Amino acid sequence: MLIVTGYIHLAPADVAAFVEDIASFGRTTRARDGCLFYAVAPDDQVCGRMLVVERWRDQAALDAHLAADDTAALVARWQHRMTANLAKFDALNERALLAG
């Protein structure tokens, strides 16, 4: 499993429009084969920081998502109005939070 997490930074004036755009995109993304979890939510609207958390079955599923037309369209709409600090992690030992 892969975990993608980090922040997207926007101008505060763009947060509402981005949240609206990402809501529709998120519904489509969560329906993709291999998407285990996908969420983008405001972390600090005053400074325009959005928290991103994704879980993908494997690299092939993430690659398919990144190559999808709607992903390219979202990036094209927002790439000049945002910066991102995202990282990908391999999760090899998944267990419940309170498990030993």
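For the residues Cys47, Cys35, what sequence is obtained by ranking on other C-beta atoms within 10 Å, fewest first?
Values: Cys47 11, Cys35 19.
In increasing order of surrounding Cβ atoms, one gets Cys47, Cys35.
Please compute, for the alpha-carbon atoms of the chain, the extent along each of the three principal axes and give them in descending order in Å.
In descending order, the Cα extents are 43, 31, 20 Å.
For Met1, what charge total do you get from the other residues with a beta carbon under 9 Å from its beta carbon, if Lys and Arg give +1 and Asp and Glu give -1? Intermediate values should be presented prior to the final figure.
Values: positive: Arg55, Arg57; negative: Asp58, Asp90, Glu94.
Spelling it out: positives minus negatives among the neighbours equals -1.
With +1 on the Cβ of every Lys and Arg and -1 on the Cβ of every Asp and Glu, and nothing else charged, how large is the dipole of the chain about its Cα centre, in debye rounded to the nearest 20?
On the way: 10 positive and 13 negative charges, 24 e Å.
Around 120 debye, computed over the chain.
Which ³J(HN,Hα) values, rounded to whole Hz and listed in residue order, are derived for region 18-30 from phi using the Karplus coefficients 6.51, -1.76 and 1.60 in 6.51 cos²θ - 1.76 cosθ + 1.60 with θ = phi - 60°, glycine and proline given as x?
Whole-Hz 3J(HN,Hα) from phi for region 18-30: 5, 4, 5, 5, 6, 4, 5, 4, x, 4, 5, 4, 4.
Which ordering of Ile3, Ile8 is given by a fewest-first count of other beta-carbon atoms within 10 Å?
Numbers: Ile3 16, Ile8 19.
Result, fewest neighbours first: Ile3, Ile8.
Values quoted throughout were computed directly from the atomic coordinates according to the rules given, and no laboratory measurement underlies them. What you are looking at is a predicted structure, and each value in this text was computed from that prediction instead of being measured. Ideal geometry is used to build each Cβ from the backbone, glycine not excepted, and the neighbour counts take in all protein chains shown.
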